[in-house]
Amino acid sequence: MIKIDQALCDLCGTCVGVCPVDCMAMSDKILEIDEDTCISCKFCIQVCPMEALSEGESHEA
Ligand code: SF4
Ligand code: SF4
C-alpha cells in the first residue's frame, strides 16, 4: 500500500503518468490511489520529485 504525504505532494502529476495500472488520480487539490487496483510496483515512489510517496505498512509508522 502506497502512502501519500499530501503536505509534500505538489500535484505535478509525474506519478500518475508512470502508474502501469492507472490507479492514481488527481482531483483539484488531492492525489488519490485506488488501493484495490494498485499492484505495489513502486514506480510512483521512484519518480516522485518531492518524495511525497512511500510504502506504508513496512518500516515507518
Ligand atoms: S505502486 Fe505502482 S501500481 Fe501502485 S500507485 Fe504506484 S505506480 Fe501505481
Ligand atoms: S509525483 Fe509526487 S509530487 Fe508529483 S503528483 Fe505524484 S506524489 Fe505528488
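No lab work stands behind these numbers, since they all come straight from the coordinates. This is a predicted model, so every value here is computed, not measured. Because the Cβ atoms are built from the backbone with ideal geometry, glycine has one as well, and the counts that use them run over all protein chains shown.
Between the amide H of residue 56 and those of 2, 3, distances stay under 5 Å, these residues lying 5 or more places away or on another chain, with hydrogens modeled in the peptide plane.
Think of it as helices only: each DSSP H run of n ≥ 4 in the chain is worth -39500 (n - 2.57), and spread over all residues that comes to -3000 deg cm²/dmol at 222 nm. Computed about its Cα centre, the charge dipole of the stretch 2-55 is approximately 140 debye, with only Lys, Arg, Asp and Glu carrying charge at their Cβ. Net charge of the neighbourhood of residue 10, taken over other residues with C-beta under 14 Å away and scored Lys/Arg +1, Asp/Glu -1, is -2. The slack in the chain from residue 57 to residue 45, taken as 0.36 nm per residue of separation less the alpha-carbon distance, amounts to 2.9 nm.
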